[in-house]
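Working notes for the structure below.
The values are calculated or read from the model by the stated rules, or taken from the named source; none is laboratory data. Since the model is a prediction, treat every value here as computed from it, not as a measurement. Cβ: placed from backbone, ideal geometry, glycine included. Neighbour counts: every protein chain shown. For the accessible areas, the whole protein counts, side chains as well, though only heavy atoms, and no ligand, DNA or RNA atoms are used. Shrake-Rupley method; radii C 1.70, N 1.55, O 1.52, S 1.80 Å.
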Amino acid sequence: MRHARTFRGAGAVAVVAGVLLLGGCGIQETEVIGAGSPATVEAFGGRDRLLFFRSPDGGLNPVMLVDESAFMIGPDDAEAGTEGDVYSSGEDRPVPTDKLIMALLAGPRENDRAAGLSTSLPPPRRGGMAQVEVAKGGDVTARVPIGLGGLDRTALRQLVCTIAYSQDSTGRSTVRLIGVDGVTQQDTCALDPA
């Protein structure tokens, strides 16, 4: 008779264990909690405002510059009484390419970092400014306030794609970079930010 009770007890334990396993080990069911949508970037209009940052998988992700406080006017842009003012990226005019470069070099904003974006670029030299020349065919030469020697492919692509899309909505401009270290690089952006 003792064996029958042991088998019944073992059977009861097995049933309870099975219920626990099937029931999620005692984890209570909860309602779905909305935490927002997945981190994605959509480029609608205004591709002349795209900054390219490094995504968590090592690729590039475009971010639209919409915040007017993204960067400051430099001394070479100062008009009477405007030095140090916030540059307004109003919808009626494109953001100058040199301003986009400086915003890119400032790194991703807080909300972009929260989405997992980062940069492979170093900060610009103190007081340095970008200078941009556009040829008739749309190709761009940009003097950037950082050294190019030693930059990885992702860093160079961040610069090239940001500059290319600032000049052409398809991003097909050829970009020639000149760093403060005298190193030059030339490339095109082979991305379609959709």
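Things to note:
Matching residues to (1) among the basic types (Lys, Arg); (2) more than 18 Å from Asp187 (Cβ to Cβ):
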position	(1), (2)
Leu100	no, no
Ala103	no, yes
Ser118	no, yes
Pro124	no, yes
Gln131	no, yes
Lys136	yes, yes
Gly149	no, no
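- For region 118-129, a tally of residues being crowded, with 18+ Cβ neighbours inside 10 Å and either modelled with pLDDT under 95 or out of contact with any helix residue (DSSP H, G or I) (no Cβ under 9 Å at 6 or more places or on another chain) (or both) returns 1.
- Of all the numbered requirements in (1) surrounded by 19 or more Cβ atoms within 10 Å (Cβ to Cβ); (2) of a type in the set (A, V, I, L, M, F, W, C); (3) touching a helix residue (DSSP H, G or I) at 6+ places or on another chain (Cβ under 6 Å), Ala164 misses one, and that requirement is (3).
- For Leu104, the criteria (1) in contact with a helix residue (DSSP H, G or I) (Cβ under 6 Å, 6 or more places away or on another chain); (2) open to solvent by less than 80 Å² (accessible area, probe 1.4 Å); (3) more than 21 Å from Gly58 (Cβ to Cβ) hold in every case but one, which is (3).
- Note on region 138-154: residues that are in a helix (DSSP H, G or I) and surrounded by fewer than 18 Cβ atoms within 10 Å (Cβ to Cβ) amount to 1.
- Top-ranked residue in region 161-194 [being without any contact (Cβ under 8 Å) to a residue 40 or more places away in the chain and of a type in the set (A, V, I, L, M); ranked as nearest to Ala103 (Cα to Cα)]: Ala164
- Residue in region 172-189 that is modelled with pLDDT under 95, part of a helix (DSSP H, G or I) and surrounded by 13 or more Cβ atoms within 10 Å (Cβ to Cβ) present: no
- Matching residues in region 93-134 - criterion: being part of a helix (DSSP H, G or I) and of a type outside the set (Gly, Ala, Ser): Thr97, Asp98, Lys99, Leu100, Ile101, Met102, Leu104, Leu105, Glu110, Asn111, Asp112, Arg113
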